[in-house]
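Every number here is computed from the coordinates shown, using simple stated rules; none is lab data. Remember, predicted model here, so these are calculated numbers, not experimental data. Virtual Cβ from ideal backbone geometry, glycine too; neighbours counted across all protein chains shown.
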Amino acid sequence: MAVHTHDDIDWAERIPTLRSADQLHAKTHAEIAARLVSRLADHPVVVDVGSGAGGMSAAFAAELACRGGGTLVLVDAVPELLDVAETVAKAAVEQTHTDAAGRTDPDDPAAVPRDTSSTGQQQIALEQARAELAGAAAAATVGRAHPGIEAVAGAALAGQVSIERVRADVASAELAHLVEPADLVWAASMVHHLPDQQAGIAGLVTALKPRGMLALVEGSPPTHCLPWDLGIGEPGLERRLLEVRDRWFKRMRTDMPNSVRMPYGWNIALVKAGLERVGSFSRLVDLPAPPDEVVRNYVIEHIAWLASAGDEFVTQEDRDVLRRLLDPEDPEYLGNREDIYVLGTQTVHFGWRR
Ligand SMILES: C[S@@+](CC[C@H](N)C(=O)[O-])C[C@H]1O[C@@H](n2cnc3c(N)ncnc32)[C@H](O)[C@@H]1O
């Protein structure tokens, strides 16, 4: 049977949107990866299921490298996404090794100064990934000398990270049949794309070692990024778009062949899957106006996605407004505004196998 997703979404087409979200969340991703990996044994196996454009894959890869190494397995149904995630994750490991090499030889005038901000590391990793995907030398776009093989080999502080990839539909196969036993299975915004979410969670749990952890990002409150009155059209556009998104989401779920409702929260789902010590935590994503380039790009991609996914539910008046907001040639272009921002959360639900 061909590998596919069940949601009728062209995921390869969504790569720019996923990448702009990854850039925006780089710091949050790094914090979450650090928190989760710190609770695992040495040299753990981490499986990123539905790895998308690889934002969390890169964060896990960097965290594993910083903590002495481990194995990262990327699982996705879409090969174009696996290509991007693998490239981004490898670039993050290389960056961590480069930073460590710089630290081991502080007197070397050619040593690369360490960028201690996770956002900086992730952005550099993304830039490198972009360059590699374009077939260019990775170092060409990051504006500094490539460290060279010797420096990377001399990166005594950073551990080796083995990165593997598996193309699979996780609704059709138990994860245990696809990957080696895992210390952590991570699935962000993926389970709600499976027809039977509870069965999907049960399938993910099969891959856990005893006392391994499953962590899901699901059910986070909606992100806000626009002022209530934009000066064109009826005020409250963003709230209407969020309603449209709910309608789109409901239709995506009900139109999925063999869709099963899950009429309870994610904590209950984890308990039903046999996990213990179930809990959740949330990270605030608070990037106030005025926006930098990362916020600007994210807001434009995010609003464009809300507009296109729910197009059939959007009124003609709002459609006309959205066309103007998303047109770089229009004076009302969102990218020219200084009052756009991002306020959102990432909620992680977790539980441990006995
Ligand atoms: C919304 S994206 C989330 C990507 C990433 N985890 C993130 O948080 O940005 C959903 C991902 O799940 C993958 N996916 C959806 N259904 C899948 C399935 N049945 N099996 C494997 N991957 C699937 C998609 O290809 C996509 O990469």
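Scanning the stretch 198-221 for residues being in contact (Cβ under 8 Å) with a residue 40 or more places away in the chain and more than 11 Å from the ligand (Cβ to nearest atom) gives a total of 16. For the structure I just gave you, tell me whether Val299 is closer than 26 Å to Ala34 by Cα, in contact with a Leu (Cβ under 7 Å, 6 or more places away or on another chain) and either part of a helix (DSSP H, G or I) or touching a residue at least 60 places away in the same chain (Cβ under 8 Å) (or both). Judged against the criteria, Val299 is not a match. What do you reckon, is Pro221 over 21 Å from the mean Cα position of the chain (by Cα) and not in a helix (DSSP H, G or I)? No, not satisfied.
For the stretch 262-276, the condition of being free of Cβ contacts under 8 Å to residues at least 40 places away in the same chain, out of contact with any helix residue (DSSP H, G or I) (no Cβ under 7 Å at 6 or more places or on another chain), in a loop (DSSP other than H, G, I, E, B) and surrounded by fewer than 17 Cβ atoms within 10 Å (Cβ to Cβ) holds for at least one residue.
Of the residues making up the stretch 1-49, just one is within 9 Å of the ligand (Cβ to nearest atom), in contact with a Ser or Thr (Cβ under 7 Å, 6 or more places away or on another chain) and closer than 18 Å to Glu164 by Cα, namely Asp48.
Whenever a residue of the stretch 168-182 is on the phi > 0 side of the Ramachandran plot, it has no partner that is not in a loop (DSSP other than H, G, I, E, B) lying with C-beta atoms less than 7 angstrom away and at least six residues away or across chains. Selection of the stretch 50-87 for residues being in a loop (DSSP other than H, G, I, E, B), within 8 Å of the ligand (Cβ to nearest atom) and over 12 Å from the mean Cα position of the chain (by Cα) yields Ala77, Val78.
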